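Structure first, commentary second.
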Amino acid sequence: MSDVALAEIQSKVAAAARRAERDPSDIRLVAVSKQQPLERIVAVLEQGQRCFGENRVQEAQGRWPALKERFDGVELRLIGPLQTNKLNAALDLFDVIETVDRPKLAEKLASAAQARGASPSLFIQVNTGEEEQKAGVAPTSVDAFVASCRAMDLPIVGLMAIPPVEEAAAPHFALLRKLAERNGLQELSMGMSADYEIAIAMGATSVRVGSALFGARNKPA
Ligand SMILES: *Cc1c(COP(=O)(O)O)cnc(C)c1O
């Protein structure tokens, strides 16, 4: 793989930041490596990228322990649903969990964090489109959910959303930002390959870019 894709995305991220009068170093590029062949991931690591997102615990377990041995300073983020039976595996592997989406998961994370004396940084996933099939807390429940997570001492740093595919993303990004601001949360994980520049204009602090960086994914097994 050539270096072109990573360099191009980095420069588009920086340009979008400058257009929004933001500091480019305030925006984290999360390279979404799910369902990508190992050699593409290694190539991006060799080019210096260190922050990666995976959506399945099991797939990530299959390759990231070895990659973390081989490359220093990797930050791995879980960006897909977390079942409580995979919680300990996820805590062993992920530095950030972006998909805290229900009270039961928050409770299990809190007791695991207490037992381990540590917790990954956490984002709450918000179902901004209120789609039935999609994970995430309803916008009207965010304030109460943030408060209950804080009461359990969970390190909630921000909000994450995946807008409905068939709608313009901008209103969803605006809603997520409003919810974060009124809850005093600094981090906004929003924007994917098709719309990360819009997300940066609207305040994203991390963008999750998969196919634009790595190329088309393999079909899930
Ligand atoms: C797959 C995925 C992405 C990346 O999507 P692309 O369109 O390939 O950039 C971002 N966020 C989440 C939650 C994903 O599951």
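For the stretch 63-221, the share of alpha carbon pairs falling in successive 10 Å distance bins from zero is 10, 39, 37, 14, 0 percent. Listed cross-link partners LYS68/LYS108; LYS12/LYS34; LYS134/LYS219; LYS108/LYS134; LYS134/LYS178 are compared with a 24 Å cut-off, the Cα-Cα value being larger for LYS68/LYS108. Sparse packing (at most 15 other Cβ atoms within 10 Å of the Cβ) combined with a DSSP loop state is found for the following GluC sites (Glu not before Pro) in the stretch 57-166: GLU130, GLU131, GLU132, GLU166. Between the amide H of GLY53 and those of ALA31, VAL32, SER33, ARG77, distances stay under 5 Å, these residues lying 5 or more places away or on another chain, with hydrogens modeled in the peptide plane.
With bins 5 Å wide beginning at 0, the percent of Cα pairs of the stretch 71-121 falling in each bin runs 4, 20, 35, 26, 10, 4, 1, 0. Close amide H pairs (under 5 Å, H built 1.01 Å from N) link THR99 with PHE123, residues at least 5 positions away or on another chain.
Expressed as a whole percent, the accessible surface of the stretch 4-120 that belongs to carbon and sulfur atoms is 45, based on a 1.4 Å probe. Once every Cα of the stretch 1-96 carries one equal point scatterer and solvent is ignored, give the base-10 log of I(q)/I(0) from the Debye formula at q = 0.10, 0.15, 0.19 Å⁻¹, two decimals. Values, matching the q order: -0.30, -0.64, -0.93. Taking Lys and Arg as +1 and Asp and Glu as -1, the other residues whose beta-carbon sits under 14 Å from that of GLU107 total +2. Coupling constants for the stretch 186-197 follow from the phi torsions by the Karplus curve (6.51 cos²θ - 1.76 cosθ + 1.60, θ = phi - 60°), and in residue order they are 8, 9, 10, 9, 7, x, 10, 3, 7, 9, 5, 5 Hz; glycine and proline get x. Only Lys, Arg, Asp and Glu carry charge here, each on its Cβ (+1 for the first two, -1 for the last two); on that basis the stretch 77-221 has a dipole of about 360 debye about its Cα centre.
Every helix of 4 or more DSSP H residues in the chain counts as -39500 (n - 2.57), and over all residues that averages to -12500 deg cm²/dmol at 222 nm. A 1.4 Å probe run over the stretch 1-156, with the rest of the protein chains in place, finds 48 Å² accessible per residue.
Legend: P(r) of the stretch 112-168 from all alpha carbon pair distances, 10 Å bins from 0, whole percents, reading 22, 45, 25, 7, 1.
Across the accessible surface of the stretch 122-212, with the other protein chains kept in place and a 1.4 Å probe, carbon and sulfur atoms take up 54 percent.
The values are calculated or read from the model by the stated rules, or taken from the named source; none is laboratory data. Fair warning: this is a prediction, and the values are worked out from it, not measured in the lab. Note: ideal-geometry Cβ built from the backbone for every residue, glycine included; neighbour counts use all protein chains shown. Just so you know, the surface numbers come from the protein's heavy atoms only, side chains and all, with ligands and any DNA or RNA stripped out. Shrake-Rupley method; radii C 1.70, N 1.55, O 1.52, S 1.80 Å.
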